[in-house]
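Reading through the structure tokens given below for one structure.
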Amino acid sequence: MPDIWDDNQVQDIMINSEDLEVETRTGKMQLTWAGLVKKNEDEIEDTRQNLIPLSRQYMTLADAQADIANIPDGSTTYVRSADGSSLADEYINNGGSLEATGRVMPSQGYVDVTISESIDKNDDSNLSKSITSDGITTELETESGEKFFSGMNESLQEMASRSWKDNTSNLHSATDKYGVQLVITDAEGKISIPLSDFPLQDLLAQVQPVSGPFLNTLSSADKAAYGYIDELGGLNLPGIPTSVNNMLNSLSRRVQQQADSRFLTSIKDYGWDPSSQEDARQVIQRAIRDMARNTYGGVIYLPPGIYRLSSFLTPAPNVSIIGAGTGKTILMPYGSYSALQFTTSPTNPVPELTDFVYSDFEVDCQDQVLPDEGYLPRTKGLYFNFYRRGHLHRLRVRNSGATGIGIDFARDSAITECVVENFGRLAPSGNDNPAGASGLGLGAGGTQSEPLYVAGNFCRNGKNFGIFLEKQHGTNAPYSSEHTIVTGNTCTG
């Protein structure tokens, strides 16, 4: 009985005493309830004191030192790196003063660079890798043959090892490392992707080619169609009854037809010597008139040489002019005239210039000078208005006094692969925006629809704009025209 009474006395002391410990009947010291509470409080406080410095972020060492009361003596904390060499630097509270321990928390960039350098410099690693042109590693292969792709935290072999085959329904499944299914292949080889209701092959079978033409749009804002590509690759533009390809091919066939029908003449047939430095205007103009008398017009060939022009040549419908190439066939107007000029109006006997090709010659306007009345925008290299089914191709116009190639009211026509250089040479130097003086000057407003295709041209080193489009004024230009397309050109300087 004394043992029982002694045990009851110890239990009474353990529960009700303020003492932290009590000696048991066997002489062992045991914590009382008050002692257990005190021990738990001490452990909680110790844990809190250790968590405080970890839960706080210090941008500077001064901020951490100012908060030293919350950093227990002997505890460490981190301060953001001042020089950016690491993410943060470790400091220890040593008697109320923070001292660097020399340990740092590295940044992700540092880790990436270190790993990259380790792979590059360690000749014994036997790692092979694929690197893009900008230095990004896309694939790694270890010595054991395991392959890793960028963004994967496991090898392809590890992923493949989790593939399984269902013996009853003959299904193959590939999962990621967490057991999530990625791909399921059935007995027929059809691939199913999670969250899709049909095999991938069935989904692809629903994709059908569009039978209609592809539409090009002006922008994503207004979705206005300015043309389309037909099934044969032809570019179709509003206002032109056939594709641009067919139109240009038709003009080429027409030129060839004229040549085959002997509606082709060389300027040499008129007794002209291309090496002569004399005025060639009358001879070329006579050839234009002769070809214009033919029912289907004709083609005038200008062999290599320099053709000085005392005034402009007047083109005629159905008459094309072909040279031997830029730098070989060179027209050189002098005075204040263009090399070729055709101006008319709807009320004239010849209301428009039609059906022609001008290609493979050069116009050098270095001898153009200002007239007595001063600068005139008409002192161009080429100047036409009201023309249709015309093609200016592979021309070079240099040193024009005003605009290099000036075009007003063109329809169903094209300007392609032309070079215009040093234009606006005679424009007033004190005027930042003189009239004309551009590389290609395109005027509009003669008719409601003026389809003109301008592509692949190069304009450089001019006084004003490389390519200039404007609404003309006066009785000949009452409309706000549509359907001119300018694309794929280069303008510099």
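Tabulated results
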item: Gained length - residue 158 relative to residue 294, 0.36 nm times residue gap less alpha-carbon distance; result: 40.7 nm
item: Three-way shape label, the stretch 400-448, alpha-carbon gyration tensor, a/c 1.5; result: oblate
item: Taking 310, 275 and counting other C-beta atoms within 10 Å, the order from fewest to most; result: 275, 310
item: Cα-based convex hull, the stretch 343-489, per residue volume (Å³, whole number); result: 112
item: Cut-off 20 Å (backbone N to label point 7 Å along Cα→Cβ of residue 429), residues of the stretch 455-492; result: 461-465
item: Convex hull volume per residue for the stretch 244-492, taking Cα atoms only, in Å³; result: 121
item: Extension gain, residue 193 back to residue 30 (0.36 nm per residue minus Cα-Cα distance, nm); result: 52.2 nm
item: Pairwise FRET efficiency - residue 470 versus residue 129, Cβ, R0 = 56 Å, nearest 0.05; result: 0.45
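Since every read-out is calculated from the coordinates, none of them should be taken as a lab result. The shown structure was predicted, so the numbers you read here are calculated from the model rather than taken from an experiment. All Cβ positions, even for glycine, are placed from backbone atoms using ideal geometry, and neighbour counts span all protein chains on display.
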